[in-house]
Amino acid sequence: MIPRRVVATGTFDILHPGHLYYLEESKKMGDELWVIVARDANVKHKPCPIIPEDYRLQMVAALKPVDHAILGDKTDMFRPIKDIRPDVITIGFNQHFDEETLHLQLSERGLAPEIIRIGKYEDGDLCSSRFVVQRIIEVRGKKEDTRE
């Protein structure tokens, strides 16, 4: 029996419950969950990652829902997809992909996976790497103020 392969992608900079939710929900879509971790140089839609790509890869690979974790390709984001040949690609609620455009780009390469957008994790306000960083700055700033 051929396993149903699911691909999830992301930067996964500072891991938080939203990432885990995205990967757990993605895993429910098939038998094998492959995660493609964005290369530092390819992250252009938000600030440069704080955690280097090799460390982010290690952390994602260690998560329970993840069967395989790899770094993305430096020049062609579709190369790993062509190698994995997934049945499903999941997209996080805040990822800037248009499903129709992505479907067209994949079909131009002879790929036809189902594309599923995973909803938002609603439990808590620290489900964004950006919010985690802001919280660290706030908490550290308050502690520094009390030491003076």
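Numbers at a glance
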{"quantity": "Protein accessible area in the stretch 1-115, 1.4 Å probe - carbon and sulfur %", "calculated": "54 percent"}
{"quantity": "Kirkwood Rh in Å, taken over the stretch 74-148 so that all alpha-carbon pairs contribute", "calculated": "15.6 Å"}
{"quantity": "FRET efficiency for LEU126 and ARG85, using Cβ-Cβ distance with R0 set to 30 Å, rounded to 0.05", "calculated": "0.25"}
{"quantity": "Rounded accessible area of ARG135 (nearest 10 Å², 1.4 Å probe)", "calculated": "110 Å²"}
{"quantity": "Longest to shortest principal axis, alpha-carbon extents of the stretch 37-104, angstrom", "calculated": "32, 28, 24"}
{"quantity": "For the stretch 1-70 and the stretch 111-143, distance of Cα centres in Å", "calculated": "14 Å"}
{"quantity": "Radius, Kirkwood style, for the chain when every pair of distinct Cα atoms is counted (Å)", "calculated": "16.3 Å"}
{"quantity": "Lysine pair count for the stretch 35-114 [Cα-Cα under 24 Å; pairs on different chains or 8 or more apart]", "calculated": "4"}
{"quantity": "Label-zone membership for the stretch 20-44, site ASP67, 7 angstrom Cα→C-beta point, backbone N under 16 Å", "calculated": "23-36"}
{"quantity": "Sites ARG140 and ASP31, calculated FRET efficiency, Cβ-Cβ separation with R0 41 Å, nearest 0.05", "calculated": "0.45"}
{"quantity": "Accessible surface, the stretch 8-107, averaged per residue in Å² (probe 1.4 Å)", "calculated": "55 Å²"}
{"quantity": "Probe 1.4 Å, all protein chains present, accessible-area order of CYS127, CYS48, largest first", "calculated": "CYS48, CYS127"}
{"quantity": "Mean ellipticity per residue at 222 nm, deg cm²/dmol - from DSSP H runs of n ≥ 4 across the chain, formula -39500 (n - 2.57)", "calculated": "-11000 deg cm²/dmol"}
{"quantity": "FRET E, pair VAL133, TYR55, Förster distance 22 Å, beta-carbon r, rounded to 0.05", "calculated": "0.85"}
{"quantity": "Antiparallel DSSP beta bridges within the chain, as percent of all bridges there, nearest 5", "calculated": "0 percent"}
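The values are calculated or read from the model by the stated rules, or taken from the named source; none is laboratory data. This structure is a prediction, so every number in the text was calculated from the model and none was measured. Note that each Cβ is placed from the backbone with ideal geometry, even for glycine, and that neighbours are counted across all protein chains shown. Calculation scope for accessible area: heavy atoms of the full protein, side chains included, ligands and nucleic acids excluded. Shrake-Rupley method; radii C 1.70, N 1.55, O 1.52, S 1.80 Å.
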